[in-house]
């Protein structure tokens, strides 16, 4: 499995040396402060907006119950965010996947923003 490594000065120097060999082709860093990463940070902030709810979820096949925490403006939105997850909030994948093996039985408000 691929193991990510932090971007170091030695990597930067090696990248600059390759730039000279390739004739001016720039290497891009994978530092999270790149402007390309801001969209993901904004989506995560929007996903965590609203009130905090404790949702009691029940497994449909074995009746096993457990509790998850989810943010939302109301109980319906918090449940929807649980079912759809973080990755399916984009327009391109909206509505392509939802939980089918669990159901939200009850909800309790934990924290009001």
Review point. Are there any pairs, at least 6 apart or on different chains, whose C-beta atoms fall under 7 Å, with the first in the stretch 43-58 and on the phi > 0 side of the Ramachandran plot and the second part of a strand (DSSP E or B) and crowded, with 17+ Cβ neighbours inside 10 Å, and if so, which?
Key: 50/71; 50/72
Check your understanding: Tell me, which residue of the stretch 42-86 that is surrounded by fewer than 11 Cβ atoms within 10 Å (Cβ to Cβ) and more than 13 Å from residue 107 (Cα to Cα) is modelled with the lowest pLDDT?
Key -> 42
Check your understanding: Hey, does the stretch 90-97 have a residue that's surrounded by 11 or more Cβ atoms within 10 Å (Cβ to Cβ), modelled with pLDDT of 80 or more and more than 30 Å from residue 8 (Cα to Cα)?
Key -> no
Review point. So which residues in the stretch 43-73 are in a loop (DSSP other than H, G, I, E, B) and under 20 Å from the mean Cα position of the chain (by Cα), if there are any at all?
Key: 48, 49, 50, 73
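The values are calculated or read from the model by the stated rules, or taken from the named source; none is laboratory data. All figures in this text were calculated on a predicted structure; none of them were measured in a lab. Cβ sites come from the backbone with ideal geometry, for glycine too, and all protein chains shown count toward neighbours.
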